[in-house]
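Encoded as structure tokens, the structure appears first; notes follow it.
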Number of protein chains: 2
Amino acid sequence: MSLPHAILTALLEKPSSGLELTRRFDRSIGYFWSATHQQIYRELGKLESDGLIRALPAEQPARGQKKAYEVLPAGRAELARWTAAAQDPKPQRDALLLRLRAAAVVGTAGLEADLARHLDLHRRQLAEYQDIERRHFPPGRDGPEDRLRHLVLRAGIDLETFWTRWLAHALAEVAGLSGVTGGTASSDGAGTTPPR
Amino acid sequence: MSLPHAILTALLEKPSSGLELTRRFDRSIGYFWSATHQQIYRELGKLESDGLIRALPAEQPARGQKKAYEVLPAGRAELARWTAAAQDPKPQRDALLLRLRAAAVVGTAGLEADLARHLDLHRRQLAEYQDIERRHFPPGRDGPEDRLRHLVLRAGIDLETFWTRWLAHALAEVAGLSGVTGGTASSDGAGTTPPR
DNA sequence: GGACACATGTAAACCGTTACATGATTCT
DNA sequence: AGAATCATGTAACGGTTTACATGTGTCC
């Protein structure tokens, strides 16, 4: 139940067409709320028929034409309501942690490469966030909106910092175990490097 | 596409019935892969008809009877395959960060209480993880499976540590702004406390 | 035997993903 | 005119969530 509110936020920051929104959901807002263009178009239609946004008048009802939307007062009110409402955190789902737990039972064979790949992905993301911080939040300059946006960015930076550290540690650990780990009653006997 | 593998992992750790699995998905595995009992029963049926698990023979085909499952060799092989396969990280979705970004536009009114509540929830979770670490991973004792499980737990601890720190910081920031923040062309004029 | 917790299951609504369709604009 | 790109949209599928249904064992 958050996609409509993500769109309302994006539209308040800047009225946009569906494709422009899609682009922005690939950066910025998309860093913590991703969405595909199909979701966005579907939701834009719903928001419009609910009277929360409206298409900017541009006399182009045709199919391949740009159609920009802006937020109506009712939409702003709904976003304010949602922002202030109590919400429980979503239960976690992390496939990588699950895979490590599975590896404790079936062995770590083949895991190392993907851990290294994830480490690289998180390092890149971290670098991107730090770059944004350098460009958008130079020391000293922050109005009230900037402080909140900076706070959000700090969460991203600190999270990626955590993941890069943890993955580096995990990689060292898995490399140390190298090969056969577990499987109490395993039936697969593929040979791997024995511990020295 | 990870729920079946979460179930396979849980069943390898200990053969269980549907309800027992549901209980374990409220703790342990559920800390990083949540699932409801309906998902679990449906998936158990699918896994059984796919020949990856089987019901332990207990001569109880009736409805209100416990039915325990164990993993077959094909199931173990599938889990090993999945564990080693490359997988891209899922795009992030965090409603709380989205709400802060929204608050930069519609104001922070009402946010503080829920931030404080989240901080409390994360503190409790952190305490629970630390308690598990104390009980299950006393210093010095670790076989190879334990090292991996401990690694997973460390991720949980470090993540919760991050969130408690970040939320404490966010709370101080939002309290500092107290009240009206943004809205460039707002139409709602509800009065809040002015900055002193 | 009535109430309650245990245990498994069905049904429907909702959201997200993937594949495809179609019109408009621009470039060669 | 044909190809590529921009822009919006439809359709189908699959996973998740929520509500409800049903049977069993136990306790008073």
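A few points about this structure:
- Among the residues of region B:7-55, the one identified as touching a residue at least 24 places away in the same chain (Cβ under 8 Å) and either of a type in the set (K, R) or assigned by TED's automatic domain parsing to the domain that holds B:E160 (or both) is B:K46.
- Any hit, region B:67-90, residues being closer than 25 Å to A:L159 by Cα and in contact with a strand residue (DSSP E or B) (Cβ under 8 Å, 6 or more places away or on another chain): yes
- Which numbered condition A:Y41 misses (of (1) among the aromatic types (F, W, Y); (2) crowded, with 18+ Cβ neighbours inside 10 Å; (3) within 13 Å of DNA strand C (Cβ to nearest atom)): (2)
- Region A:142-191, residues that are of a type in the set (D, E, K, R), modelled with pLDDT of 70 or more and assigned to a loop (DSSP other than H, G, I, E, B): A:D142
- Residue that is farthest from B:Y31 (Cα to Cα), among those in region A:78-111 that are over 19 Å from the mean Cα position of the chain (by Cα) and surrounded by fewer than 17 Cβ atoms within 10 Å (Cβ to Cβ): A:R81
- Selection status of A:A6, modelled with pLDDT of 90 or more, within 14 Å of DNA strand C (Cβ to nearest atom) and crowded, with 22+ Cβ neighbours inside 10 Å: yes
- Within region A:12-49, restricting attention to residues that are over 20 Å from A:E133 (Cα atoms) and hydroxyl-bearing (S, T, Y), the residue that is farthest from the chain's Cα centre (by Cα) is A:S49.
- Of note, B:A103 satisfies the criterion of being facing chain A (nearest Cβ under 7 Å) and touching a helix residue (DSSP H, G or I) at 6+ places or on another chain (Cβ under 7 Å).
- Of all the residues in region A:9-25, those that are more than 10 Å from chain B (Cβ to nearest Cβ) and open to solvent by 10 Å² or more (accessible area, probe 1.4 Å) number 7.
- Hey, A:E70 under 30 Å from A:V174 (Cβ atoms) and touching a residue at least 40 places away in the same chain (Cβ under 8 Å) or not: no
- Residue match in region A:144-156 (condition: open to solvent by 50 Å² or more (accessible area, probe 1.4 Å) and under 26 Å from B:S2 (Cβ atoms)): no
- Flag for B:F32 being in contact with a Leu (Cβ under 6 Å, 6 or more places away or on another chain) and either over 17 Å from B:G75 (Cα atoms) or more than 16 Å from DNA strand D (Cβ to nearest atom) (or both): yes
- Just one of the numbered conditions (1) open to solvent by 70 Å² or more (accessible area, probe 1.4 Å); (2) within 8 Å of chain A (Cβ to nearest Cβ); (3) out of contact with any Lys or Arg (no Cβ under 9 Å at 6 or more places or on another chain) is not true of B:G140: (2).
- In the set (1) more than 7 Å from chain B (Cβ to nearest Cβ); (2) in contact (Cβ under 8 Å) with a residue 40 or more places away in the chain; (3) open to solvent by less than 50 Å² (accessible area, probe 1.4 Å); (4) assigned to a helix (DSSP H, G or I), the condition left unmet by A:H118 is number (1).
- Yes/no for A:Q125 being polar (S, T, N, Q), closer than 25 Å to B:I7 by Cβ, within 13 Å of chain B (Cβ to nearest Cβ) and surrounded by fewer than 21 Cβ atoms within 10 Å (Cβ to Cβ): no
The values are calculated or read from the model by the stated rules, or taken from the named source; none is laboratory data. Note that the structure is a prediction, hence the values are computed from the model and not measured. Here Cβ is always computed from backbone atoms with ideal geometry, including for glycine, and neighbour counts include all displayed protein chains. Side chains are part of the model used for accessible areas, which takes the heavy atoms of the whole protein and leaves out ligands, DNA and RNA. Shrake-Rupley method; radii C 1.70, N 1.55, O 1.52, S 1.80 Å.
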